[in-house]
Each structure stands twice: as structure tokens, then as C-alpha cells.
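K.L.:
Please see the structure below; I have some questions.
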């Protein structure tokens, strides 16, 4: 039982043969070798595996690769510009120390991109509600909320080579 | 966790899905957003031999004005339901409660029909549908279609009135633009299922009150509704919220605690619905 799927990941479209039961997160990590998307709880609670599917945030541990056939997936690897410039949300997490161990960070950043796409100027409460599907064991969330606020205030990509 | 092996069919129309369902019978499961089913597959609590993917069927995803009611296609995502201007204006309780389901990622993928057909009494929308006397439309491969009142749809824990060859195709919710309403959800952590929840609509002394997670199915707080109809004050009526219920016991709460929560939350819901 194999299926052919054609999935665009960060703008690169590829056709692969997969088992129907293959989870999107395993497809991304093992077949596309994009290991920035993390597997945390594997039960759709923690949000570490968050990616965008057709621009909407989704937990890739709870999506089958066959469900993404014909769709566009965006992962953390696709956010930075080709010149290395950071996406505003990435830069916000850097500027505001929005991470400690970093495990939840790719999911936090992708979920935050989803929040800002819906609502470019969210209140603190809207940011916290928007991140309710993402769990961080280190930061207590305060710095993450500040990082999203920073990104909302600086919507343009940040130039490369500013140290870091 | 890797789900067990299964075959996979992507249906392009409701008829195609129903034909596949008729062919595979009880060995098949319908997959829409997958946010109830895929976790069950991973835990090996469900092992269908075929998944029929109905998540991309355009004619199952819509929100239409049906005159006295709003018709919602079963594969409409929670996101679409929560953001619908039509529902916000005509059935604000459902739009609001849907915005409380899971978290944004879950609402982006999960569907109202999937949540209803899953039949989990801890889910938010089933209690809303029971409270407002929604009607669920089921279709089978023979082309026959039947309307099932929400109060008769949920049979027992994870079990509904749907036959193995039937598919939930539409949810019809009555327009209640002027009624007072409230949705109360009590949980310990953001995104969790409700330990107890309450969906209430109030029009004068006529109330519809659905309870989340107070039994094997979503149930109505009938004793409270009757007390209100008989002239009791909201506080007096709320004291009967747990009468006749049989709430579950789990790590979050024992039945006594759930009964206490039901009384407190129904009290809050009635207060909010009246204001």
C-alpha cells in the first residue's frame, strides 16, 4: 500500500512514494531531510511540530502526508530570506530572548507567523490565546509573547549579518 | 507513534465517499481533519483497514442561510465556523464555542462534522447542538437522506445514530439571533477538553442548556430548564444542573466534583445569558 504524493515544501515541489500512514512530520524530517520541525509530544498537544499548510498553522504530527498531497507546506527552514535575512518573527525571538533550550522554538515561530497572518497587530491576550496550542517548558512564555510583539512592530525582514 | 497500516482513498465528492463506505462497510473510517481519528489510530484504539478522506470535498464545506436555519457542511473547518459572520450574527453561541475548540492549529484542520460524528461527550460542539435543538443530516450510498435531531444523535460514549454506510453531510442550526447565550468551559490547561462545560441559550423563561462531559453523551440540564420554566430564579434553577446526570470519573475530576462544577457553571451561564 503505497501512494504517490506531490507536496510543495518551502516552494520546492517534489513527488514521493509514501505509505498512507506516514505522518507529515516524519515525511518532512526523514524524506525531505528538514529536521527543523520537531517532534515533541506526538499527541497534538505540544505544538513543536507546527508547520503551515496553505498558510494555516497545523500540527504535522496529526496530519498524514497523503492529506498534504497537492498542498503547500512551509517549515521553519523556509522563513529566512535567500540572503540569510531573518523573518521578523525569527528576529523577534532573537531580540527578545524568546527561547531557552530551543526545542519548542520552530513550532512557536510557525504558530506566531500564523497569528500575525490573521492579525498583524494582536493584543497580548490575543498572542497568548493564539499560542495556546504550543507548550514551552523553559521560558514561562513572557519572552515569547514579547518576541511576537516585537515582530508585529517590525514587519519587514531583518537584514543579514547583524551578529547574533 | 506510527499508526497501524491502512489503505487510503481520497474521495472527490460526497457520492464517491459514500460508494467507498458502502464497499468497505465497518472496516472503513471517514477521515476529514483527522484531529480526532489520527490520535486514536496512533494509540491503536481504532484500526480501520481503509481511510476514506473527505477533507477536500468542496460540496461538504459551506455555510448557507437556509431561511429559519443555517446549514453547515459537515467538512467545514472549525476555523471557518468560528469566523463566519453569518453564524456570529445568527447563532453566536455556536461560533463562539467553536472558537474554544482545541487550539488554533486544531481549529485550522478539524471539522465540525468530524467532531460531531466522533461523538465525544467532552467535545464542545455536541453540547451546543443539543442545547439549540440542531438537526443532523445523514446520507447513505443508496441516496437516502434522513434528518436526526441532535437530542437523538448521540447514543453513548463515542457512539452515534449513524449507520455504518451513512455519512454526516450537514448540520442545521436554528437561527437564534435575539436569544441570550453563554458558553462556559472549565479546564485546567489551555487547549484541554472541558472538565465540565455548559452551552446555554435563554429566551425569557425558555432555556436550552447543554452539558459537556457530564455523561456518556452530551446531555441537557432538564431539571434546570424545567425549574426556569416554572418560575424559579436562575440561582434556584442552577442548583438542579447536575440532577439526573451520570458524570465520568477520571484524573481531572470525580463525579461529585463534576456535579459541583455543573451547578456553578450553569449558574454563571444563566447569569451571563440574561445580561
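K.L.:
Given Cα pairs under 8 Å that are at least 6 residues apart, what percent is the relative contact order of the stretch B:144-260?
P.N.:
17 percent
K.L.:
Per-residue ellipticity at 222 nm for chain A, helices alone: DSSP H runs ≥ 4 residues times -39500 (n - 2.57), over residue total, nearest 500 deg cm²/dmol? Provide the component values of the computation, followed by the final result.
P.N.:
Working: 4 runs with 41 residues, N = 164.
The helix-only estimate for chain A comes to -7500 deg cm²/dmol at 222 nm.
K.L.:
May I ask you to order A:15-25, A:30-40 by the average number of other C-beta atoms within 10 Å around their residues, highest value first?
P.N.:
In decreasing order of mean packing, A:15-25, A:30-40 become A:15-25, A:30-40.
K.L.:
Over all alpha-carbon pairs of the stretch B:3-108, lay out the pair-distance distribution in 10 Å bins, whole %, shortest bin first.
P.N.:
14, 37, 32, 15, 1
K.L.:
Give the calculated FRET efficiency between residue A:138 and residue B:16 to the nearest 0.05, with a Förster radius of 51 Å applied to their Cβ-Cβ distance.
P.N.:
It comes out at approximately 0.60.
K.L.:
Let me ask something else about it. May I have the convex hull volume per residue, in Å³, for the Cα set of the stretch B:59-174?
P.N.:
95 Å³
K.L.:
In units of 2.2 N^0.38 Å, what is the alpha-carbon radius of gyration of chain B?
P.N.:
Its radius of gyration relative to the 2.2 N^0.38 Å reference: 0.99.
K.L.:
Follow-up. Give me the percent of DSSP beta bridges within chain B that run antiparallel, rounded to the nearest 5.
P.N.:
Taking every DSSP beta bridge within chain B, about 85 percent pair in antiparallel fashion.
K.L.:
For residue B:203 and residue B:26, what does the FRET efficiency come to when R0 = 45 Å and r is the distance between their Cβ atoms, rounded to the nearest 0.05?
P.N.:
My answer for the efficiency is 0.60.
K.L.:
A follow-up question, please. Can you put A:8, B:36 in order, fewest other beta carbons within 10 Å first?
P.N.:
A:8, B:36
K.L.:
If you fit an axis through the alpha-carbon atoms of helix B:14-24 and take the longest principal axis of the Cα set of chain B, what angle between them do you get, 0 to 90°, nearest 10?
P.N.:
Here the helix axis deviates by roughly 70 degrees.
K.L.:
Cα centroids of the stretch B:64-141 and the stretch B:1-51: how far apart, whole angstrom?
P.N.:
Taking the Cα centre of the stretch B:1-51 as reference, the centre of the stretch B:64-141 is 21 Å away.
K.L.:
Grab the DSSP H runs of chain B that are 4 residues or longer, score each as -39,500 (n - 2.57), total them, divide by all residues and round the 222 nm result to the nearest 500 deg cm²/dmol. Before the final figure, lay out the partial values.
P.N.:
On the way: 12 runs with 94 residues, N = 275.
Calculated from helices alone, the mean residue ellipticity at 222 nm is -9000 deg cm²/dmol.
K.L.:
Now a separate question. Which percent, to the nearest 5, of DSSP beta bridges fully inside the stretch B:1-129 are antiparallel?
P.N.:
35 percent
K.L.:
Using the Kirkwood radius over Cα pairs, work out the Stokes-Einstein diffusion coefficient for the stretch A:88-153 at 10 °C and 1.306 mPa s, in µm²/s as a whole number.
P.N.:
D = 142 µm²/s.
K.L.:
Another question, then. Do you know the relative contact order of the stretch A:84-164, to the nearest whole percent, from alpha carbon pairs under 8 angstrom that are 6+ apart?
P.N.:
After rounding, I find 55 percent.
K.L.:
Next question, about the same structure. When each pair of different Cα atoms in the stretch B:135-275 is counted once in the 1/r mean, what is the Kirkwood radius in angstroms, to one decimal?
P.N.:
16.2 Å
K.L.:
How much of the pair distance distribution for the stretch B:7-53 lies past 17 Å, counting alpha-carbon pairs only, in percent?
P.N.:
In whole percent, the share of Cα-Cα pairs in the stretch B:7-53 beyond 17 Å is 28.
K.L.:
If packing is taken as the average count of other Cβ atoms within 10 Å, what order do B:39-47, B:111-119 fall into, highest mean first?
P.N.:
Packing proxy ranking, top to bottom: B:111-119, B:39-47.
K.L.:
Something else about it: How high is the relative contact order of chain B? Use alpha-carbon pairs under 8 Å, at least six apart in sequence, and give a whole percent.
P.N.:
This gives 15 percent for chain B.
K.L.:
Any chance you could give the angle, 0 to 90 degrees and rounded to 10, that helix A:142-153 forms with the longest Cα principal axis of chain A?
P.N.:
Long axis of A:142-153 versus the principal axis of chain A: about 90 degrees.
K.L.:
I'd like the mean, over residues of A:21-30, of how many other protein chain beta carbons sit within 10 Å of each residue's own Cβ.
P.N.:
2
K.L.:
Pop the C-beta distance of residue B:236 and residue B:188 into the FRET formula with R0 = 25 Å and round what comes out to the nearest 0.05.
P.N.:
That gives a FRET efficiency of 0.25.
K.L.:
What does DSSP give for the protein assembly as shown in terms of the percent of beta bridges that are antiparallel, rounded to the nearest 5?
P.N.:
Roughly 85 percent of the DSSP beta bridges within the protein assembly as shown come out antiparallel.
K.L.:
Between the stretch A:45-106 and the stretch B:199-235, what's the alpha-carbon centroid distance in Å?
P.N.:
43 Å
K.L.:
Quick one: helix B:255-274 against the long Cα principal axis of chain B, what's the angle to the nearest 10°, folded into 0 to 90?
P.N.:
Approximately 80 degrees, to the nearest ten.
K.L.:
Averaging over all projection directions, find the projected area of the Cα convex hull of the protein assembly as shown and quote it in nm² with one decimal place.
P.N.:
Value for the protein assembly as shown: 21.1 nm².
K.L.:
For peptide A:59-65, what's the mean number of Cβ atoms from other chains within 10 Å of each residue's Cβ?
P.N.:
Mean shielding by partner chains, rounded to a whole number: 6.
K.L.:
Quick one: A:104, A:49, fewest Cβ neighbours within 10 Å first, how do they rank?
P.N.:
In order of increasing Cβ crowding within 10 Å: A:104, A:49.
K.L.:
Arrange the following residues from fewest to most other Cβ atoms within 10 Å of their Cβ: B:181, B:193.
P.N.:
Ascending Cβ contact count within 10 Å gives the list B:193, B:181.
K.L.:
Please compute the modelled spin-label separation between residue B:44 and residue B:65, points set 7 Å along Cα→Cβ, answer in nm with one decimal.
P.N.:
Using points 7 Å along Cα→Cβ, the separation is 5.3 nm.
K.L.:
Still on this structure, I have one more. Taking the simple approach of a point 7 Å from Cα along Cα-to-Cβ for both residue A:124 and residue A:33, what is their distance in nm?
P.N.:
4.5 nm
K.L.:
How crowded by other chains is B:36-45, given as the mean number of beta carbons from other chains within 10 Å of each beta carbon? Please report the intermediate quantities before stating the final value.
P.N.:
On the way: counts 1, 1, 10, 6, 0, 2, 7, 1, 0, 0.
For peptide B:36-45, the averaged partner shielding equals 3.
No lab work stands behind these numbers, since they all come straight from the coordinates. Keep in mind that what you see is a predicted model, and the values were worked out from it rather than measured. Every residue, glycine as well, gets a Cβ built from its backbone with ideal geometry; the counts of neighbours run over all protein chains shown.
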